[in-house]
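What follows is a single structure, written as structure tokens, with notes after it.
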Amino acid sequence: MSKKYLHALSHYPRLCLAFLFLWSVAWAISPNYRTVWLYENGLVFIGVPLTIWLHARWRLSNASWTVITIFLSFHVVGAHYTYSEVPLFQPAESSSLDRNHYDRLVHFLFGLLITYPVRELFRRTTQARAFWVFFVPLAMVVASSVLYEFIEWGMMLVTDPDAGMTFLGAQGDIWDGHKDMALATIGSILTLVASRGCGDRSGDAALRALRRR
């Protein structure tokens, strides 16, 4: 990562990165399956440098940094245990639940949280308004969710079968991928509706600051 990109970071993004680094290091200690941990953290290894680069180009708002940090923090926990074995979400023997729903939560959070910075960037790089500001970010988040399901399926085919199945995390549900994508879509729609209603105050302030540069 070039120093000029790091120098472009203000105080708050640096705090987010410092927290995420320490959080990731803590959850990297003795994961349940080291190979699966490595696969899962590909999202962090790619996502963090990409976020820094995007910030250097278009100055993400503090709100965007916050939601990205929250999402990756949840993902790091899932990578430590694997999504199907996160203890807090493990169904009790007396429970009617038949699976660990942590993966469902994180797919929902992907749509709910990541939609905001996607929408923010789309507004800054285009002159689009109204329908397109709603539709395009939604389509991008849903497409990303679909792509991730393909990546999970591909990893299952080309890697060690046991590690691949653990990474896939379907837990015996043939509709697992469909449900994950549906939850990401619902989360994305909720954020888009809320962003429209709140008027994007944080994003608008960052956009005005970017235009003054």
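What follows is calculated from the coordinates using simple rules that are stated; it is not laboratory data. Predicted, not measured: the structure shown is a model, and the values here were computed from it. Positions of Cβ are generated from backbone atoms using ideal geometry, with glycine treated the same way; all protein chains shown enter the neighbour counts.
Taking R0 as 45 Å, what FRET efficiency do you get between residue 130 and residue 30 from their Cβ-Cβ distance, rounded to the nearest 0.05?
The computed FRET efficiency comes out at 0.35.
Using every Cα-Cα pair within the stretch 39-135, state what percent have a distance larger than 24 Å.
35 percent
Order the peptides 125-131, 187-193, 12-18 from the highest to the lowest mean number of other Cβ atoms within 10 Å of their residues.
Most protected by this proxy first, the peptides run 187-193, 12-18, 125-131.
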